[in-house]
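To start, the structure under review is shown below, and the notes come after it.
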Amino acid sequence: MGVKFIFDLDGTLTKKETLPLIAEYFSLESEIKDLTEKTVKGEVEFNTSFQFRVNILKKYPIYEIANLLYHVDIFILLLKFIQENSSCCVIASSNLFCWIEKLVQRYGCKVYASQAIIENNVIMGIKDILQKETIVNNYQKQGDFVIFIGDGNNDVEAMKFADIGIVMGQVNRPSEKLLSVADYVVYTEKELYELLVQLLKKYQQG
């Protein structure tokens with residue numbers, strides 16, 4: 001029992017959305033960028049959008065994408081917070097674990113992500129798309145006080161169930177639906193870091 005900080009990854013811990021980054025690397029920007037923006041805003045249903053984007057990108061080697069994402073720009077203060085408080089921090093990403101595995105290893109905390117069907121280092125399909133609200137509920141059932149931090153419309157349900165919801169608005173403009181379920185809205189890494197430190201002191205066991 002204690003406090004658990006559950007972080008979305010794309011646009012919350014990273015300074016860019018990773019799927020458009022992958023698309024740019026393979027010269028597929030036009031097919032991915034617009035759809036990603038509409039998904040973040042909630043104009044397109046996430047699971048349908050995600051499956052479509054994965055279908056475009058799945059033919060490319062997993063190791064190449066994982067190496068690319070390892071070098072994505074991240075918020076260093078948030079990396080510091082998670083590394084220093086890894087036992088009470090969790091990353092919950094709808095992105096495929098095989099793509100983000102190298103990146104999230106940098107944080108040193110528990111990670112939950114969507115799972116792919118893999119054969120010969122190539123994605124054959126999606127096995128499971130992570131429902132972030134399930135992670136929130138599971139920790140609450142264990143008696144934890146859950147603080148969820150996210151930025152996209154697919155974070156609404158998780159934020160709605162969390163004890164405290166924080167919107168990170170530095171990378172993406174938060175949707176009205178997301179703002180309606182948030183307890184805090186911050187627009188810079190520094191603001192978020194200071195808020196996390198404050199909440200940790202307030203809710204940390206002991």
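The values are calculated or read from the model by the stated rules, or taken from the named source; none is laboratory data. Quick caveat: nothing in here was measured; it's all calculated off a predicted structure. All Cβ positions, even for glycine, are placed from backbone atoms using ideal geometry, and neighbour counts span all protein chains on display. With ligands, DNA and RNA removed, areas are computed over all heavy atoms of the protein, side chains included. Shrake-Rupley method; radii C 1.70, N 1.55, O 1.52, S 1.80 Å.
Structure above, values below:
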| item | result |
| --- | --- |
| Test set (1) within 26 Å of residue 140 (Cα to Cα); (2) open to solvent by 10 Å² or more (accessible area, probe 1.4 Å) - residue 93 fails condition number | (2) |
| Selection from segment 118-173 of residues that are assigned to a loop (DSSP other than H, G, I, E, B), of a type outside the set (S, T, N, Q) and either surrounded by 23 or more Cβ atoms within 10 Å (Cβ to Cβ) or without any contact (Cβ under 8 Å) to a residue 12 or more places away in the chain (or both) | 151, 152, 162 |
| Some residue of segment 199-206 being in contact with a helix residue (DSSP H, G or I) (Cβ under 8 Å, 6 or more places away or on another chain), open to solvent by 50 Å² or more (accessible area, probe 1.4 Å) and at pLDDT below 95 | yes |
| Unmet requirement for residue 52, which otherwise passes all of (1) of a type outside the set (D, E, K, R); (2) within 18 Å of the chain's Cα centre (by Cα); (3) within 20 Å of residue 129 (Cα to Cα) | (2) |
| Unique residue being basic (Lys, Arg), open to solvent by 10 Å² or more (accessible area, probe 1.4 Å), in contact with a strand residue (DSSP E or B) (Cβ under 6 Å, 6 or more places away or on another chain) and over 24 Å from residue 173 (Cα atoms) when the list is 4, 59, 80, 102 | 4 |
| Segment 183-195, residues that are farther than 20 Å from residue 37 by Cβ and part of a loop (DSSP other than H, G, I, E, B) | 183, 188 |
| Candidate set: segment 20-38, residues that are open to solvent by less than 10 Å² (accessible area, probe 1.4 Å) and modelled with pLDDT under 90; chosen: the one nearest to residue 150 (Cα to Cα) | 36 |
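Condition check ((1) assigned to a helix (DSSP H, G or I); (2) within 20 Å of residue 15 (Cβ to Cβ); (3) modelled with pLDDT under 90; (4) touching a Gly at 6+ places or on another chain (Cβ under 8 Å)) across all residues:
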{"residue": "47", "(1), (2), (3), (4)": "yes, no, yes, no"}
{"residue": "50", "(1), (2), (3), (4)": "yes, no, yes, no"}
{"residue": "65", "(1), (2), (3), (4)": "yes, yes, no, no"}
{"residue": "69", "(1), (2), (3), (4)": "yes, yes, no, no"}
{"residue": "78", "(1), (2), (3), (4)": "yes, yes, no, no"}
{"residue": "90", "(1), (2), (3), (4)": "no, no, no, no"}
{"residue": "93", "(1), (2), (3), (4)": "no, yes, no, no"}
